[in-house]
Amino acid sequence: MARRAAKQRRSRFRLRRWLGVLLVALVALALIPAALTLLYLLPFVHPISTLMAKDLVTLEGYEREWVPLEEIAPVLVHSVIMSEDGQFCSHRGIDWGALNQVIDGALAGEETRGASTIPMQTVKNLFLWQGRSFVRKALEAPMALAFDAIVPKKRIMEIYLNIVEWGPGIYGAEAAAQHHFGVSAAKLSRRQAALLAVTLPNPIARTPGRPTSGLNKLANVIEKRAQQAGSHIRCVK
């Protein structure tokens, strides 16, 4: 009996030790994005996305030239907001109204659509993996709330426009403008900006430099919305 009791105590000790190691590892993983978020407040720090890191590890390489927000044409900033996240300047990381509409639609049996905000997309690109996953979404939401609470809106937009993918191996507004239109991000026209904005939901399948009729129709809508954006873009002026 004494031998069995001692064995059980050793088993419980090993289990507690491994649970402790797991807890420490989870806390460390949680602290990494928090530390990086504080680091990314510094304007001279130029983050890369997890997709860019993958391209480096697999030796595929990528095109990206960091440019400050002031060197990106305002029409692109406005077009991206009106296409991707119209309430960017008013919400605090999550657009609860849009999210509730998606939930109601899903419960009604409608086809699911995205309610991802620019802060949510930014933290996904910086810290998480791609693809549809309830686990990723569960992590993405609180991270977006924290990121938006710490990082100013202008800096969020600057980071997003410098890490978002605009084609295979093409990251950021400058590389996208050069690759698709042969101009710098500062020189984009309203039409070019609208085409880039409507490419973002599917940058692998959509090519802004050679738009389909469907992409042109979407760009028409966003071009008009960007011209009438008003208070929707107040936080990036």
In nm, to one decimal, how far is the modelled label at ALA205 from the one at ALA138, with both set 7 Å along Cα→Cβ? 2.8
Cβ crowding within 10 Å averaged over residues, with 55-63, 189-197, 87-95, 120-128 ranked highest first: 189-197, 120-128, 87-95, 55-63
Cα radius of gyration and Dmax for the stretch 148-237 (Å): 13.3, 41
If the chain between PHE44 and THR58 were fully stretched, how many nm would it gain, using 0.36 nm times the residue separation less the Cα-Cα distance? 2.4 nm
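Give me the extension gain from ASN216 to LYS187: residue separation times 0.36 nm, minus the current Cα-Cα distance, reported in nm with one decimal.
The span from ASN216 to LYS187 would gain 8.4 nm if fully extended.
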Just reorder MET52, MET82 by solvent-accessible area, largest first, 1.4 Å probe, all chains present. MET82, MET52
Zone residues, the stretch 42-86, relative to TRP129, backbone N less than 19 Å from point 7 Å out along Cα-to-Cβ: 49-59
Quick one: if you stick a label point 7 Å off each Cα along the C-beta vector at GLU70 and LYS237, how many nm between them? 1.8
So which of LYS124/LYS153; LYS54/LYS124; LYS54/LYS187; LYS187/LYS237; LYS124/LYS187 end up more than 21 Å apart by C-alpha? LYS54/LYS187; LYS124/LYS187
For the stretch 156-197, just the Cα set please: Rg and Dmax, both in angstrom. 9.4, 26
What is the gain in length, in nm to one decimal, between GLN227 and SER90 on full extension, counting 0.36 nm per residue of separation less the C-alpha to C-alpha distance? 47.5 nm
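The values are calculated or read from the model by the stated rules, or taken from the named source; none is laboratory data. Not measured: the values here are computed from a predicted model. Reconstructed Cβ throughout: ideal geometry from the backbone, glycine too, with neighbour counts over all protein chains shown. Ligands, DNA and RNA are stripped out before the accessible areas are found, and what is left, the full protein with its side chains, is counted by its heavy atoms. Shrake-Rupley method; radii C 1.70, N 1.55, O 1.52, S 1.80 Å.
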